[in-house]
Every structure is written in structure tokens, then in C-alpha cells.
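First up is the structure itself, then whatever we jot down about it.
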Amino acid sequence: MSQETPSLPPGVTPEDILQRAAIDKSTRLPVLFFFTSGAAWLLVATLLGLLASLKFVVTGAFKYEVLNLARVQPAFVNALVYGWAYQAGFGVMIWIMARLCRTELRNPVTLIVAGHFWNLGVTLGVAGILGGQGNLHMKLLEFPAMVWPLLLAAYLLIVVWLVVMYSARRPGSGYISQWYILAACFTWPWMYLVANVLLNVFKKAGVAGPVVASWYANGVTFLWMVPVGLASAYFVIPKITGKAIHSYNLSSFAFWSLLVLAPWAGAQELIGGPVPAWIPAVAGTAQILLLIPMLAVCLNHYQTVRGAHELVNVSPSLRFTFFAAVGYVCTCVASAVLGSMSLSRYTFLSFAQDGVMMMGTYMFFTMAMFGAIYFIVPRITACEWVSGSRIRLHFWLSAYAIIGLCSLLLIAGVSHGSAIDEWESSFETAVMFSKGYLVGRIFLWAFLVAANFIFIHQLVLMVMNRGRKAGTPTLIHQPTPYETAELVITTEGAEA
Amino acid sequence: MASSPENIDYARTANVATMHAAAAREREATAVGGTPVSLWVVVATGIVTIIAGAYFGQNTGTDSSIANIRGYQYALQYPEGSSGGGAAMSDEELRQDANWLAAGKAVYTGAGNCVGCHQASGEGVAGQFPPLKGSDWVTASDKRLIAILLYGIGGQFSVLGKTYNGQMPAQGTALNNKQIAQVASYIRNEWGNKAPLIYDDQVASVKVEIVRQASWTEGELEAAIAADAACVPSEWPAKIAKAAGGAAEAAPAAKK
């Protein structure tokens with residue numbers, strides 16, 4: 001792409017650019033804080049995940065109370081979700097919201113203080129789990145009971161500024177991503193408060209406990225990660241392809257159907273368990289209906305990218321976002337299918353549920369966040385990513401590892417679950433059935449660790465202002481002359 | 001590419017137009033197309049809705065009456081003594097063996113309680129939920145049994161030579177001391193099990209002695225409470241005997 005005459009894209013005035021630059025500058029510190037501390041937690045989480053998968057096979061390894069498998073596994077999941085996913089999400093939410101509202105961020109310090117409290121909460125929580133203080137029977141609520149008010153307060157302190165920004169937005173700057181970000185601002189505190197008040201304060205939940213816990217865990221995926229991930233996709237795709245989102249009506253339909261349906265889902269994983277039958281039945285029905293917003297979003301994004309698919313090869317942001325979209329489809333389909341009575345008999349209490357969790361958290365959300373980070377960081381650091389080939393390596397290692405991990409966990413889950421279902425065989429035999437898959441899982445985790453080392457190294461270089469000092473974007477690979485011609489025609493120089 | 005501005009340090013240049021190259025090459029993105037929702041979306045929505053409806057029907061059975069959703073009838077909080085056989089009974093009467101065990105059975109079979117997993121036969125579900133019938137965990141140490149009921153147990157543990165892996169939720173928050181004592185007594189004396197009854201003051205003493213957040217693992221439980229550990233003796237047998245003695249004395253007196 002020629003830079004000889006850096007002409008402005010159509011519809012963009014020099015004032016727009018100055019305004020963007022001012023917004024980017026105002027968001028620089030909090031966004032980089034959340035990205036870097038999130039990335040550090042990502043590394044911790046992947047290492048814990050590697051350790052957990054290792055301990056599943058080499059049962060005698062690291063025989064310390066602290067590194068007990070029953071503690072390492074939830075510590076890994078919580079570090080991944082609250083340490084990495086939420087913080088990456090905060091950074092993306094802040095930046096996209098500021099840009100779309102066309103307002104500068106006036107209180108970066110408050111956000112950073114809240115961010116420190118969030119990190120303190122996650123640290124106490126993960127340490128508490130490893131130290132044996134966690135509530136190990138509630139998925140994603142394993143942190144010791146003292147942590148939740150801290151996390152909730154930190155979250156509210158962060159999102160209140162997003163709401164303030166939205167209410168102070170420039171006229172005429174309403175956009176789909178803002179709806180999703182606003183939704184995420186409100187859904188999580190609601191779910192987290194309800195779940196913790198019932199389970200940690202009143203402590204009277206009894207059998208309703210697992211229902212609330214499964215509702216919350218599903219809500220983290222479908223009412224928080226999906227809105228934030230889609231907000232990022234709705235922002236990144238048109239920015240890079242230079243095309244307007246296909247249909248406003250479809251976007252609005254997808255948004256409202258998600259918000260109406262998702263709060264009903266979750267408890268289908270208790271099917272056949274000691275809860276009233278209608279609870280899993282309603283939840284499973286809602287989970288199937290959640291395919292509708294997914295189809296609408298996919299159609300919308302597909303129609304938007306159509307004609308510019310070559311850009312997926314070239315632009316790091318678009319490639320990660322595209323992969324995340326595939327992850328979103330897989331997550332919705334797998335969640336819907338695993339809720340079915342006939343199949344859940346084989347997947348209940350098995351690795352398949354871990355597989356779906358990894359799909360939502362990593363294959364969809366984490367990859368979407370990588371896409372957004374590759375887009376945002378050059379803008380707030382004023383330098384470019386060091387190397388396209390390293391981004392490519394990061395992508396392929398992550399993609400290969402996460403596709404492998406999710407399919408292994410699903411297949412191992414079904415074989416493990418059907419072995420559990422054999423009345424006469426012991427649990428040990430059932431685990432033996434999936435041993436081959438579990439050995440494969442260790443290697444895939446090693447790939448994931450390598451991928452994240454590459455990512456974090458790149459990010460640190462950017463933060464230290466050691467990126468490339470050039471006005472040209474870092475692309476995954478240089479487009480061929482033919483592709484360049486095509487791309488210039490279709491997108492007029494849009495980039496990563 | 002010869003004239004492309006490579007190797008310019010953007011952090012040091014004063015030229016705003018080049019400093020914000022990343023911001024400058026970006027497109028406007030706030031415009032959204034107005035394409036109406038196509039017929040195919042409506043059709044696909046209909047198909048998914050039909051599948052979801054079939055799923056709902058399959059999982060709630062053909063009985064569409066309100067009775068089918070009456071599973072919700074169990075209360076989240078058990079009123080004090082609700083399973084105790086009526087308010088007319090005195091404390092001592094309630095704790096007589098037959099009444100105490102009957103109350104325990106009511107707790108055991110209460111909706112959402114033990115029976116869902118451990119079954120009415122006390123044999124559990126092979127490979128998934130361990131049996132109570134003939135299990136040492138139930139009949140050996142009263143203290144250990146109370147501790148399991150109060151805080152739940154998770155992970156791998158072996159019962160009657162078979163390994164189970166699951167999670168028994170803590171009951172200490174859902175059931176009161178009386179109910180825990182009743183149900184513990186019941187499972188110790190049903191299906192051929194034979195062991196002394198447990199009373200609520202014993203549950204209270206374990207609650208004071210052992211305070212936990214997390215549920216037990218087999219290793220932790222074995223380390224904390226020996227297989228033959230016994231609770232402090234209950235005051236109730238003496239009180240019951242005294243009350244019974246008093247009644248026996250009173251009876252001849254009434255005859256006079």
C-alpha cells in the first residue's frame with residue numbers, strides 16, 4: 001500500500017484526526033494498564049492450565065497441598081476469566097466507548113485506581129483458591145467470600161465512567177458497539193450481586209445453589225463476554241474493511257434477542273440432577289433460542305466483510321476477529337447441543353463442559369480481544385507492532401492450540417462421560433478412557449503458553465515505546481501485487 | 001515504498017499529521033446500513049424456535065398441567081421443626097427413637113434433599129452417587145458423618161471399595177441442627193444399618209469445633225477426623241429417660 005500521498009480516507013477531516021488523537025491520548029494510561037495487567041494474568045492462567053493438564057496425567061507430580069489439582073484447575077479458570085478476560089475487556093470497552101462517544105476520558109486516574117483494586121481482588125481470590133479458602137463447588141464463584149465486594153466495587157467504579165461518557169456523547173454518535181458495551185456495564189454487576197448475595201450472604205440456597213451458580217457461570221459468557229466481544233467485532237470490522245455494517249435492523253434484532261434470552265439460560269447443565277425438571281428445561285430452551293441472535297450477528301458480519309475477505313489474510317485485527325466469530329458460532333452451537341437430554345447423559349460432569357468453557361472464553365472472547373488489542377495499541381502508543389511474522393506466529397499457535405484443545409475436550413468428554421455412564425465401571429476406568437486425549441492436551445497447552453509469550457513480548461515492546469517508528473501498519477503478511485490492487489479498489493487503503 | 005516515511009520517530013516529531021498516522025489512516029465507522037431483515041432470517045428464527053419448543057416439550061413431558069412444574073414447591077428455608085412431627089410434641093417426645101427417625105425420614109425424602117442422589121433404597125447410583133447402605137462413612141464415626149453433612153464433600157473418595165468422584169453440596173446452610181441430627185440418625189438406622197442416634201446438641205458441638213468454607217476432600221477429612229472419633233455425648237438420652245421416668249411416676253399417681 002503506497003504511502004506517497006497520505007491522503008485522508010473519505011469522510012474524514014483533519015479535525016477528526018486531531019480529535020481521535022486527543023481521545024487516544026486521554027485513554028492511553030488506563031487502557032494500557034488493563035491490557036498489560038490482563039496479559040500478565042493471561043500468562044499466569046496459561047501456566048496454571050498447563051500445570052493442571054500435566055497433573056491430570058502425571059498424577060504424582062508436584063505433590064504440594066497448594067498445587068492440588070482440585071485447586072489448580074479453578075485457580076486457572078478464575079485467573080483466565082477475572083484476571084485476563086475482564087481486564088482486556090475493560091481496556092477495549094473504555095477505548096471503544098471513548099472513540100464512539102467522541103469524548104476524551106477525563107478521569108484516567110480513577111480508572112487506574114479501580115484497576116488496582118480489581119487486580120488486588122483477583123490476586124486475593126486466586127491465592128485464596130490455592131490456599132484452600134475457595135468455594136470450590138461453584139463454577140466461576142470459587143473466590144473466597146471476602147473477595148466479591150471488592151471486585152464488585154472496582155467494577156462499578158470502572159463502568160460508571162463509561163456510562164458518564166455515553167451520556168456526554170457528541171450528538172449523532174450512536175453506534176451498535178455502544179449498546180453492547182452499555183449492556184455489559186449493567187449485566188455483570190447484576191448477576192454477580194445476585195449470585196453472591198444468595199450464595200455467600202444468605203447462605204440459605206441449599207439445592208437452589210447449583211441453579212444460581214450455573215446461571216451465573218453461563219451469564220458470564222453470554223451476558224458479558226458475548227456483548228463485549230461483539231462490541232469489539234462491530235467496531236473492528238467496519239474500520240478495517242471500510243464498509244458500513246450491513247443492516248441496522250438485523251443488529252438491533254440480534255442485540256435485543258440476546259439480552260432477552262440469555263438470562264434464562266444456564267441451568268440446563270443440571271439436567272437429570274436433583275432440581276425441579278422445569279428449571280433445566282426452560283434453560284435448555286433458552287440456550288437453543290440463543291442460536292437466533294448468533295445467526296443474525298453472523299449474517300450481518302458476513303455481509304459486511306463480503307468482497308473484502310482478502311483482508312482477513314492481511315490484517316491482524318481482522319484475522320483474530322474473524323476467528324473469534326467462528327469461536328462464537330462454535331460456543332453457541334456446543335452450548336445448545338450439550339444441553340440436550342440425550343447427549344448430556346454422556347457429557348454431564350465430564351471434560352466436555354470444560355471444553356465449552358474454553359470455547360467461550362478463549363476461542364471466542366480471548367481471540368476477539370487479541371484482535372481489538374492489535375488495533376488499539378498502535379493508536380495509543382504512537383508506534384507500530386514490531387513484526388508481522390510474530391503476529392502470524394501468535395495467531396497460528398493460538399488457533400491450532402485452541403481448536404485442538406476444544407475438540408479434544410469435547411471428544412474426551414463424550415468418551416469419558418459415556419464410560420461414567422456404565423454402571424459397573426469405576427470412575428478410574430472412566431478417566432482411563434480419555435487418557436490419550438489428556439496427554440495430547442499437555443502439548444496443546446504448551447503451544448498456548450508459547451503463543452502468549454510471543455504476544456506479551458510484543459505488547460511489552462509497544463508499551464516501552466520500542467515498536468516500529470513508521471507510519472505504515474504492521475500486517476500479517478505483505479499483500480501480493482494482485483491482492484494489493486484488489487484491496488486498494490475495494491477498501492482504499494484501510495488497514496490493521 | 002521508497003518514499004514511505006520509514007524510521008521516523010513519531011514520539012519526537014512535532015508534526016501532528018504524521019504523528020497520528022494510525023489515527024489518520026482510519027475509516028469512519030459509525031454509519032450503519034439500513035438493509036431490512038431478510039425473509040431468510042425470519043425462516044431461520046422459526047426453525048430454531050420450533051426446535052427449542054420440541055426440546056422444552058421433551059424435557060417437561062407430555063403433562064402440561066401445573067403439577068408438572070410443582071417441583072418448585074420446596075421452600076428455600078425450612079421452618080424450625082417443620083419435619084419434627086407437629087408442634088404438639090414436646091422436645092423429649094420428639095427425640096424418642098421412633099419419632100426422631102420418622103422426622104429423619106421426612107428430611108431424607110424431602111424434595112431436593114438426599115433422596116435425589118442417594119435414592120430411597122440408600123444404594124446411591126452406581127458410578128455416580130455412593131451408597132449409604134452398609135457404608136462405614138455413615139455408621140462408624142458420628143462426628144465424621146456430621147462433618148460431611150455440614151460441609152459437603154468433593155473430589156475422589158472411595159465407598160465400599162469403589163471410587164466415586166463428585167460433589168456433595170454442603171447441607172449445613174440449608175438444614176438446621178435438628179434436621180441434620182434427624183437425617184443422620186435415620187441413615188444410620190435404615191436399610192440394615194445399625195448405629196447410635198445423633199442429637200442436635202452434638203451437631204451444634206461439631207459446628208463450633210470445625211469451621212470451614214470449602215467442602216471436604218477425602219484426604220482432608222481423614223486427616224481432620226479419625227475413623228473412630230466420637231462426638232461429645234448428648235444430653236438428650238438422660239433428659240428423655242428422666243421425662244419418661246417422670247411420666248412413669250406420674251402414671252401410677254394418676255391411677256390413685
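The values are calculated or read from the model by the stated rules, or taken from the named source; none is laboratory data. Every value quoted in this text rests on a predicted model; they were computed, and no experiment measured them. Neighbour counts are summed over all protein chains in view; Cβ atoms, including those assigned to glycine, are modelled from backbone coordinates with ideal geometry. All accessible areas refer to the heavy atoms of the entire protein, side chains included, with ligands and DNA or RNA removed. Shrake-Rupley method; radii C 1.70, N 1.55, O 1.52, S 1.80 Å.
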For the range B:144-153, name all the residues that are open to solvent by less than 20 Å² (accessible area, probe 1.4 Å) and within 13 Å of chain A (Cβ to nearest Cβ).
-> B:Leu149, B:Leu150, B:Gly152, B:Ile153
Which listed residue is away from chain B (no Cβ under 14 Å), over 30 Å from B:Gln156 (Cβ atoms) and at pLDDT 70 or above, from A:Phe455, A:Phe443 = A:Phe455
Flagged in the range B:119-143 as open to solvent by less than 30 Å² (accessible area, probe 1.4 Å) and within 23 Å of A:Gly209 (Cβ to Cβ), in numbering order, are B:Gly124, B:Val125, B:Pro130, B:Leu132
Of residues in the range A:241-276 being within 8 Å of chain B (Cβ to nearest Cβ) and among the β-branched types (Val, Ile, Thr), the one farthest from B:Cys117 (Cα to Cα) | A:Ile245
Go through the range A:134-145 and count every residue that is at the interface with another protein chain (Cβ under 10 Å from one of its Cβ atoms) and not acidic (Asp, Glu).
-> 7
Boolean, B:Gln167 is in contact with a strand residue (DSSP E or B) (Cβ under 6 Å, 6 or more places away or on another chain), at pLDDT below 85, surrounded by fewer than 20 Cβ atoms within 10 Å (Cβ to Cβ) and closer than 21 Å to A:Ile129 by Cα = yes
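Quick grid of which residues meet (1) at positive phi; (2) among the small types (Gly, Ala, Ser); (3) at pLDDT 85 or above:
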site	(1), (2), (3)
B:Gly46	no, yes, yes
B:Ile51	no, no, yes
B:Gly57	no, yes, no
B:Thr62	no, no, no
B:Arg70	no, no, no
B:Ala75	no, yes, no
B:Gly85	yes, yes, no
B:Gln96	no, no, no
For the range B:200-238, enumerate the residues that are of a type in the set (Ser, Thr, Tyr), assigned to a loop (DSSP other than H, G, I, E, B) and open to solvent by 20 Å² or more (accessible area, probe 1.4 Å).
-> B:Thr217, B:Ser234
Within the range A:306-334, how many residues are of a type outside the set (Phe, Trp, Tyr) and open to solvent by less than 10 Å² (accessible area, probe 1.4 Å)?
-> 12
Restricting attention to the range A:264-305, which residues are in contact with a strand residue (DSSP E or B) (Cβ under 8 Å, 6 or more places away or on another chain) and open to solvent by less than 10 Å² (accessible area, probe 1.4 Å)?
-> A:Asn300, A:Thr304
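Results for (1) hydrophobic (A, V, I, L, M, F, W, C); (2) out of contact with any helix residue (DSSP H, G or I) (no Cβ under 9 Å at 6 or more places or on another chain); (3) in the same structural domain as B:Trp191 (by TED's automatic domain parsing), shown as yes or no for each residue.
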residue: B:Lys105; (1), (2), (3): no, no, yes
residue: B:Tyr108; (1), (2), (3): no, no, yes
residue: B:Val115; (1), (2), (3): yes, no, yes
residue: B:His118; (1), (2), (3): no, no, yes
residue: B:Glu123; (1), (2), (3): no, yes, yes
residue: B:Ala126; (1), (2), (3): yes, yes, yes
residue: B:Phe129; (1), (2), (3): yes, no, yes
residue: B:Trp137; (1), (2), (3): yes, no, yes
From A:Ala98, A:Ala114, A:Ala88, residue being under 30 Å from A:Arg20 (Cα atoms), touching a helix residue (DSSP H, G or I) at 6+ places or on another chain (Cβ under 9 Å) and within 14 Å of another protein chain (Cβ to nearest Cβ) | A:Ala98
Does A:Ala244 satisfy the criteria of being farther than 26 Å from A:Asn78 by Cβ, modelled with pLDDT of 90 or more and of a type in the set (Gly, Ala, Ser)?
-> no
